[in-house]
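The values are calculated or read from the model by the stated rules, or taken from the named source; none is laboratory data. Treat the numbers as computed from the prediction; the structure is a model and nothing was measured. Reconstructed Cβ throughout: ideal geometry from the backbone, glycine too, with neighbour counts over all protein chains shown. Accessible surface is based on the protein model in full, side chains and every heavy atom, while ligands, DNA and RNA are left aside. Shrake-Rupley method; radii C 1.70, N 1.55, O 1.52, S 1.80 Å.
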Amino acid sequence: MLNKELFKEKLDTWYPIIEPLFDNGTMDQIYEKLKFDGERGKKIVPKSDFTYRCFKETPTDKVKVVLLGMCPYHTIIKGTYVADGLALSCSNHKDYLAPSLEKYYEALAIEFPQVDIEKSGDLKYLADQGVLLLNSALTTERDKAGAHQELWFPFTKFLFEEYLGRWDIPVILLGQEAQKFSKFLSPMQWNFSLEHPSFAARNKVVWTTNGTFKKVNKILKDLGKGEINWVLEEAPF
């Protein structure tokens, strides 16, 4: 049985919310599978220190928006894991921008044409503003996208049922796996369902957002929460 005390620091303010999953055995089941795969020589991404990073970067009382993706990037490039614990983010590689993130910035340039966008691989700037950059599965197997979707489903379902499925938290669901969680949202909740940008990357087309990021900012403004700066402005030389 897992020692739940070891997860207090990792989960930070989210620990009291997630603690029942340790008590009912859900987390034991997840870690038994991860341990089994690891012992068989399978690489699990991201590195364990980054698994719960999104919760550390965005405390419970700071959440304004949820951006729910599918799973961490499953690639390891030159020995370095691309996934860094935040959905779409790839800060471990200074000179590399994941194709999904490229499409994200391409779409933002359309929504916010007046801004000279700095294409950063690190989306911590969004997490710091209250965007919970959550994946529906917190781990996956190297070179096998979606391998742990079923494994983490009870965990993510619980999160929405117990905390995130609130009317005052807009949710952006990226792709079919993320959209499975729409049924756990409040009937009054703002739900923006989009294709995952990886689809646009694979098919070499523009990722269509239908003005979602501007719409979310309008909601936040009406709620008196303050808008999100979805893009970083490129510093002038």
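Starting from residues that are in a helix (DSSP H, G or I) and open to solvent by 50 Å² or more (accessible area, probe 1.4 Å), keep the ones in region 110-138 and report whichever is nearest to Leu88 (Cα to Cα).
Among them, the one singled out is Lys124.
Touching a strand residue (DSSP E or B) at 6+ places or on another chain (Cβ under 6 Å) and not small (Gly, Ala, Ser) - does that describe any residue in region 156-163?
no
How many of the residues making up region 34-68 are over 15 Å from the mean Cα position of the chain (by Cα) and open to solvent by 10 Å² or more (accessible area, probe 1.4 Å)?
15
With respect to Ser186, determine if the residue is among the polar types (S, T, N, Q) and open to solvent by less than 60 Å² (accessible area, probe 1.4 Å).
Yes; evaluated as a whole, the condition is true for this residue.
When Asp23 is evaluated against the numbered criteria (1) modelled with pLDDT under 95; (2) surrounded by fewer than 14 Cβ atoms within 10 Å (Cβ to Cβ), which criterion, by number, is the only one it fails?
Answer for Asp23: the failing condition is (1).
Quickly run through region 139-167 and pick out the residues that are part of a helix (DSSP H, G or I), in contact (Cβ under 8 Å) with a residue 60 or more places away in the chain and within 22 Å of Thr75 (Cα to Cα).
Scanning region 139-167 gives Gln149, Leu151, Trp152.
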